[in-house]
1. Within the set K103/K340; K112/K299; K299/K360; K212/K332; K94/K143; K112/K179, which residue pairs have Cα atoms separated by over 27 Å?
2. What is the calculated FRET efficiency for R167 to T273, with r their C-beta to C-beta distance and R₀ = 41 Å, to the nearest 0.05?
3. Counting other Cβ atoms within 10 Å, keep those with at most 11, restrict to DSSP loop, and tell me which GluC sites (Glu not before Pro) in the range 265-337 are left.
4. Please list the three semi-axes, largest first and in whole Å, of the ellipsoid equivalent to the chain, using sqrt of 5 times the eigenvalues of its alpha carbon gyration tensor.
5. Full-extension gain between A75 and T406, please, as 0.36 nm times their residue separation minus the C-alpha to C-alpha distance.
6. Charges only on Cβ, +1 for Lys and Arg, -1 for Asp and Glu: so what's the dipole of the range 57-161 about the Cα centre, in debye to the nearest 20?
7. Just to verify a number: FRET efficiency for A392 and E257, C-beta to C-beta distance, R0 = 60 Å, to 0.05?
8. Taking each pair of different alpha-carbon atoms in the range 101-163 once, compute 1/r for the pair, average those values, and report the inverse of that mean as the Kirkwood hydrodynamic radius in Å to one decimal.
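Computed from the coordinates by the stated procedures, all read-outs in this text should not be read as laboratory data. As the structure is a computational prediction, the values presented were derived from the model and not from experiment. Cβ coordinates were reconstructed from backbone atoms using ideal geometry, including for glycine residues, and neighbour counts include every protein chain displayed.
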Amino acid sequence: MKVLVIGSGGREHAIVDALSRSPQVDKLFCAPGNAGIAQQAECVAIKDTEVERLRDFAAAEGIGLTVVGPESALAAGVVDAFKAAGLRIFGPTKAAARIESSKEFAKRLMAKYGIPTAGFRAFTDYAEAKAYVAGRPMPAVLKYDGLAAGKGVVIARTMEEADAALRDMLLDDKFGEGKVVVEDYLEGPEFSLLCFVSGRRVWPMVLSQDHKRAYDGDEGPNTGGMGAYSPLPFITAEDERYAVERIMRPMAAAMVEEGCPFEGVLYGGLMKTSRGIEVIEFNARFGDPETEVVLPRLKSDIVDIFCAVADGRDAQLEWHDFATLGIVLASKGYPGDYEKGHAIGGLDRVEGTVYHMGTKADGDRIVTAGGRVLFVVGRGATLAEARERALADVARIECDNLFHRTDIGHWALDE
Ligand code: AMP
Ligand code: GLY
């Protein structure tokens, strides 16, 4: 079978890597891909939102399966377009992807179907939102409703901070016209539960945890994620069962009831609070960088799973026992402004796995081409061993414009 992966980051590199382990794959394409992906797949110069070009390419090449990485492609309607053309694709339709693209849609569904999450209200009017927040305990959680690339959430500790954020979101239309969801503040460790979902069928993957802040000690600005690991020793088997049976399965069933059945990866961003496990957010795709530590642990043939989801069949998931821990190497300045084009050396000396997040070939050199640049994954019998190996590999990589966190896994290892 010929397989096409859509996207260009570390997540897509991990998907390509998992596909390349399948004996069912004859030829792998990635659109648009990156310099690391190019070593395992043929990169095609089509952007992830160029829906018609992607569809025409898949039809002309006789692609038997297309796998969508990024939310931007889902929001552009790539799944709807492929399905209309009779092409097999793994991912949710635009209507089902609203579970991620509209916070209000997600919150209303959770309320309607009794799925545990923070209390919330949605507002379009600045004065009404401000009055509501003023009557609630601080901190206040303010979420801009729409796609804002992870930048639409503000945790306001004071009324002044809340007011400034509400002004940005509702008066100045900094993000474009929209709504704000005001949520109760929850506390506890966060973790990610990614599930393959096909209608009411739900296959949970192994648990993982992201690290969203830029610097050690969970300090600094929020980012797309600076590191991840799997498994999670602080989540018990009972917690996991609860999360699957009371959150993920009911949500999949709710989507069927609502007339927009979900196909693809449903990502539960969950928190273990003192009241139990609650939902922070749902995403409609593989997490990044969670995917890069989860898929290396998958023992089953991923093609069987992608096709089972797309065709509505059953599948079995088997996992390796080893632990994985990955560290992001990001451009200095990220998540703010950063330079591109710095040469990267030492990749051939790395002993574990490196997934490319934002790189480009420049003649025979590989250069930085994004905020998050590389993801270095160590594996070991224990998380401690996996971290040691990842840090040793990070030290083998040479580049004068990268930084990384040294404490990935601290929730599991250092506390
Ligand atoms: P989101 O984009 O919804 O994932 O939010 C980004 C981050 O904000 C999350 O990873 C949490 O750390 C934090 N956050 C979101 N909602 C809440 C909440 N209700 N209580 C506490 N923290 C939250
Ligand atoms: N790692 C967070 C996300 O993929 O949204």
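1. On the way: K103/K340 33 Å; K112/K299 37 Å; K299/K360 30 Å; K212/K332 16 Å; K94/K143 21 Å; K112/K179 20 Å.
Checking Cα-Cα distances, K103/K340; K112/K299; K299/K360 exceed 27 Å.
2. On the way: r = 30 Å, r/R0 = 0.73.
For R167 and T273, the calculated efficiency is 0.85.
3. Values: sites: E278, E281, E290, E292, E318; in loops: E318.
Sites meeting the loop and neighbour criteria: E318.
4. Largest first, the chain gives 31, 26, 22 Å.
5. Length difference between fully extended and current span is 115.7 nm.
6. Working: 14 positive and 10 negative charges, 65 e Å.
Roughly 320 debye for the range 57-161.
7. On the way: r = 50 Å, r/R0 = 0.83.
With R0 = 60 Å, the Cβ-Cβ based efficiency is 0.75.
8. Details: mean 1/r = 0.0789 Å⁻¹.
Hydrodynamic radius (Kirkwood, Cα only) of the range 101-163 equals 12.7 Å.
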